[in-house]
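First comes the structure, then the notes that go with it.
Derivation of every value follows stated rules applied to the coordinates shown; laboratory data play no part. Keep in mind the model is a prediction, meaning the values are calculated, not measured. Here Cβ is always computed from backbone atoms with ideal geometry, including for glycine, and neighbour counts include all displayed protein chains.
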Amino acid sequence: MTGSDHIRAHRRRMAGLYLDGRACLYWESLEVGLDLANLAGIWRATLRLPVPRLEGTMPKIGQSVTIEIMNKPVLKGWLEAINAQGDEKSLNITISGRDLAGDLVDCAAQAEGPGRMDKVRLEAVVGHLAQPFGLSVDRVVDTGAPFEVVAFDTSSRAIDVIEQQSRQRGVLVTSDGLGKILLTKPGRTRADEDLIYPGGNVQKMEARMTQRFSDHIVKAQGTSRHRGEKAPLSPDMAAGLSTRVMGMGQHEERATCQFGYCHDSGVGRYRPQVYLARTSSEQQPQQSRSGTSLGSLLQQSRRIQRPGYHKATAATQPDTPSRQKGAPYSLDDQAAWRMRTTRAQATAYIYTVPRLVTQSGALWRPNQIVHVKDAINGVNGDMLIGGVTWVISSREVSTRLSVVPPDAYDLAGQADQTPRHGRSVRRHGLAGRHGR
């Protein structure tokens, strides 16, 4: 056995790559990633094939893919891209793809129409959209009451419909990498090993910081519950008469022009961002924000200037009242979820551990709480593993762990009350409650 054959055999003991059920024996490096920020897991492998190549060794677009790490399956999906370069002696090929949930990200939600479901629970919505792609659904948390109506354009992607509805029920939707969509909550389990840097089990650290948005606004059109008994126009009205039924405009505005709002107190200048819920907020109009109140909130935000913002304004800007248990997740909840996920993505901590498993022999997994002690970045507390990437090559065998605050994907907002956050930012000033 040559030296390269020995190295290749050693890698195959740690991981296996199968194309259409057949073991791929010529891979040189392999990466597999699962991330809460992306519904579908991703993978990439490099191959080195001899020239002339052996029959049946050339990969093809659309082949099924199964990847095992430490004899445990971690991803089932498809080969979606090939990049090949060669000379007279060998071919260097990079192949990549996603798990089975990747089709939900790309494809239309309901190509045959009509793009509407009535009186249906979240798990039924997700199951209906996932079933044509060979995916099952596992509900591990309560998904709340049925939706009265779920309506969407037939051109809408399946992932868009799933995210829009899951935000209304405070549910995190993710993939297990093996063909199952999970309806869950963030941080339901804990990793059995801490991350310590420097002087601990972390081999490398990477921190990425980018700017954020100051104001997060989610807009939606609700259902009118204040429509008057009289029509705004009647046969008795003269042409061009502008008289309207008293109070109609205000009622309709509050019913249909709804928005949720959350301010990020860590941003020192005016940087607003607007998101469209594209679905009824399912909250009573009198409980929602509407009309010109958004203008006053944004004027307030524009007046904020550092230094001294927290001390000067935190006590005078009230928070949105906490959501009561069992109540629908409001647009304010969704706006604050947008704020927290944006905050988490703007500050990424990535720790590389020089092995594929924890000290107990379990694979590192996303959506686990892990205690992080990072003296360089000032992190000392519980964080959430947002993403995991396993790496196997001749140069490296490691796991890259991307961690975020525990409340980054938590619509319920309970994590905001936990004092053990590594880098949690408590709500100040204009901040509302949160949502996915």
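Descriptive notes on the structure:
- The ARG302 and VAL51 beta-carbon pair, evaluated with R₀ = 60 Å, returns a calculated FRET efficiency of approximately 0.40.
- Where a label projected 7 Å from the Cα of VAL397 along Cα→Cβ would reach, residues of region 32-47 with amide N under 17 Å: 32
- Pairwise Cα inverse-distance average, inverted: Kirkwood Rh of region 3-98 (Å): 13.8 Å
- Neighbour counts of C-beta atoms inside 10 Å place TRP364, TRP43, TRP337, TRP78 in the sequence TRP78, TRP364, TRP43, TRP337, starting with the fewest.
- Packing-based exposure ordering (other Cβ within 10 Å, fewest first) of CYS107, CYS262: CYS107, CYS262
- Treating r as the C-beta distance of ARG116 and ASP142 and R0 as 25 Å, the FRET efficiency rounds to 0.50.
- Rounded if a/c under 1.5, otherwise prolate or oblate - region 104-184, Cα gyration tensor axes: oblate
- Distance (nanometres) between label positions extended 7 Å along Cα→Cβ at CYS107 and LYS72: 2.9 nm
- Relative packing of 202-213, 343-354, which averages over residues the other C-beta atoms within 10 Å, highest first: 343-354, 202-213
- Residues ARG13, ARG302 arranged by fewest to most Cβ contacts within 10 Å: ARG13, ARG302
- Magnitude of the charge dipole, region 3-98, Cβ model with Lys/Arg +1 and Asp/Glu -1, debye to 20: 240 debye
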